[in-house]
Amino acid sequence: MKAIRFSQNGGPDVLGFEDIDLPEPGSGQVRVRHTAIGVNFIDTYHRSGLYKLPLPSGLGSEAAGVVEAVGSGVTKLKTGDRVAYAGTLGAYAEANNVAADRLVKLPAGVSEEIAAAAMLKGMTAQYLLTRTYAVKSGETILFHSAAGGVGLIAGQWAKHLGATVIGTVGSDDKITLAKANGYGHVLNTRSDDWVKRVREITNGEGVPVVYDSIGKDTWSGSLDCLSIRGMMVSFGNSSGAAPAVEPGVLSAKGSLYVTRPTLVHYTRNAEELQRTANDLFAVIESGAVKIQINQRFRLSEATKAHEALHSRETTGATILIP
């Protein structure tokens, strides 16, 4: 089968489209024939070496498709089942062997393309908004990268929870898109004094939580947007790694909390994974959250997909089609 592989860290050009042999699924595994593959910023971290992988390596951790074969001991899945996963390496391929307890069945109302676009980003929004910091009706919160994949889902979901959502974007042409996806206020981090505007919007109080996937460029300003005992949720590094945390700074700025969550710790076992996915599927099927796939590339065009991500010109979700 065909798969994306890389043998050295670097830019998008290190990705190769290669022939590989996929063994039969082992005990407890299922072979999934992919029909759609999710593209996420964490993929660029793996490729660049920010997050280290043993090389040579496959890439990608999110896909959806159809069960093609099952290994011994698998009882809850069968050939032909529509499934999706997030968190298993090797998704940039025509097929992948995945542990059965890391797969979720897709309900009739969720297509494979939607699942591939939504699993990682949607489950990330789920744990961020309902568990890392449980957003409450009537609160005003700040979410960076409002027009990005997680941001478009989170804006709709947070509005569904009854919050007023302030979003940030990197260019004016993304403002309309963000406002159409749940954001009551949208600020341009490159042209607005966004910290001042957040304080004005909240009558000087600041927000109880900031969700930040940008990292280095927004770190200091995000801390300055928080209310007393507010929580800084750093869940990405699109502009580079966030600086080291100095406890004294957190005290001086209002006894702040800082956390660096990751999806794997919120989907630790099959039951937790299924509950998280079910919550996501429910808001999608209800229409409260609409998944926007705004970029599609062939699997062989993974390099172009990564170049598009780095340009910060993408909006919504990006998927690869085998």
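Testing Gly65 on (1) in a helix (DSSP H, G or I); (2) modelled with pLDDT of 95 or more, one condition comes back false. Which one is that?
Just one mismatch for Gly65, condition (1).
Pick from the range 73-91 the residues that are part of a loop (DSSP other than H, G, I, E, B) and either in contact with a Ser or Thr (Cβ under 9 Å, 6 or more places away or on another chain) or not assigned by TED's automatic domain parsing to the domain that holds His46 (or both): which of them is surrounded by the most Cβ atoms within 10 Å (Cβ to Cβ)?
Result: Ala91.
Out of all the residues in the range 231-273, which are in contact with a helix residue (DSSP H, G or I) (Cβ under 8 Å, 6 or more places away or on another chain) and among the acidic types (Asp, Glu)?
Within the range 231-273, Glu272 is the sole residue that qualifies.
Can you tell me which condition Trp157 does not meet? The list is (1) touching a strand residue (DSSP E or B) at 6+ places or on another chain (Cβ under 9 Å); (2) surrounded by 24 or more Cβ atoms within 10 Å (Cβ to Cβ), and all the others hold.
Unmet condition: (1).
How many residues are loosely packed, with under 13 Cβ neighbours inside 10 Å and within 30 Å of Leu273 (Cβ to Cβ) when one looks only at the range 233-258?
Residues flagged as loosely packed, with under 13 Cβ neighbours inside 10 Å and within 30 Å of Leu273 (Cβ to Cβ) within the range 233-258 amount to 1.
Within the set of pairs 6+ apart or on separate chains, which have a first residue in the range 296-322 that is over 25 Å from Met123 (Cβ atoms) and assigned by TED's automatic domain parsing to the domain that holds Val39, a second that is aromatic (Phe, Trp, Tyr) and surrounded by fewer than 20 Cβ atoms within 10 Å (Cβ to Cβ), and C-beta atoms under 7 Å apart?
Ser300/Phe17; Lys304/Phe297
If you go through the range 156-215 one residue at a time, how many are touching a Leu at 6+ places or on another chain (Cβ under 7 Å) and part of a helix (DSSP H, G or I)?
5
Please determine whether any residue of the range 38-46 is over 27 Å from Glu313 (Cβ atoms), surrounded by 18 or more Cβ atoms within 10 Å (Cβ to Cβ) and either modelled with pLDDT of 95 or more or not hydrophobic (A, V, I, L, M, F, W, C) (or both).
No, because not a single residue in the range 38-46 is over 27 Å from Glu313 (Cβ atoms), surrounded by 18 or more Cβ atoms within 10 Å (Cβ to Cβ) and either modelled with pLDDT of 95 or more or not hydrophobic (A, V, I, L, M, F, W, C) (or both).
Since Glu205 meets every condition but one in (1) closer than 22 Å to Thr140 by Cα; (2) out of contact with any Pro (no Cβ under 8 Å at 6 or more places or on another chain); (3) touching a residue at least 24 places away in the same chain (Cβ under 8 Å), which condition does it not meet?
So the condition that Glu205 fails would be (3).
The values are calculated or read from the model by the stated rules, or taken from the named source; none is laboratory data. Because the structure is a prediction, the values reported are computed rather than measured. Note: ideal-geometry Cβ built from the backbone for every residue, glycine included; neighbour counts use all protein chains shown.
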